[in-house]
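Each remark here refers to the structure printed beneath this line.
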Amino acid sequence: MGGRDKIIDIAFKDETRFVTVGINHYREWQIFNGMKCRAGSFNKHQKIGQHCNMLGSCLFNYDMCITGATSGEMYVWNHHCQIKEVYCYHDRLIDAITISGDFIYTGGRDCRLTQIDRNSYARVRQWDF
């Protein structure tokens, strides 16, 4: 059903729906009379000849799922398993994504911490370590 892809991270939306991410892997799952799965589509955001590695973390912001990529990009996925928005606030893999209050915080292997507005996805602040 799910294939042999390695799962790097998982985020639950509620008790019956969750997302898994990994190398070239984004899948939305639903537990309802068994397991149902939909694979994600990178659409126009995937560059020809290159692969997007979803090796970072994932979590839900309201109804949208956010994932971090090895390129340092942060993807916001819509309800149809397609990338809605792409933001590049890091130069390397985004290892950590969390939400606190009105902000999303991302941490990457570029030794950078980024504070992002939870509603507009605009960068508020960035710290280099």
| task | State all residues of region 108-117 that are modelled with pLDDT under 95 and closer than 23 Å to LYS84 by Cα; if no residue qualifies, say none. | result | GLY108
| query | Listed residues ILE94, ILE83, ILE99; which is under 25 Å from TRP29 (Cα atoms) and more than 12 Å from the chain's Cα centre (by Cα)? | reply | ILE99
| All strands (runs of 3 or more DSSP E) inside region 72-129 with 2 or more residues being in contact with a helix residue (DSSP H, G or I) (Cβ under 7 Å, 6 or more places away or on another chain) | 83-88
| query | So, in region 105-122, of the ones that are of a type in the set (A, V, I, L, M) and over 15 Å from the mean Cα position of the chain (by Cα), which residue ends up surrounded by the fewest Cβ atoms within 10 Å (Cβ to Cβ)? | reply | ALA122
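The values are calculated or read from the model by the stated rules, or taken from the named source; none is laboratory data. Keep in mind it's a predicted model, so treat the numbers as computed, not measured. Every residue, glycine among them, receives a Cβ derived from its backbone with ideal geometry; neighbour counts consider all protein chains shown.
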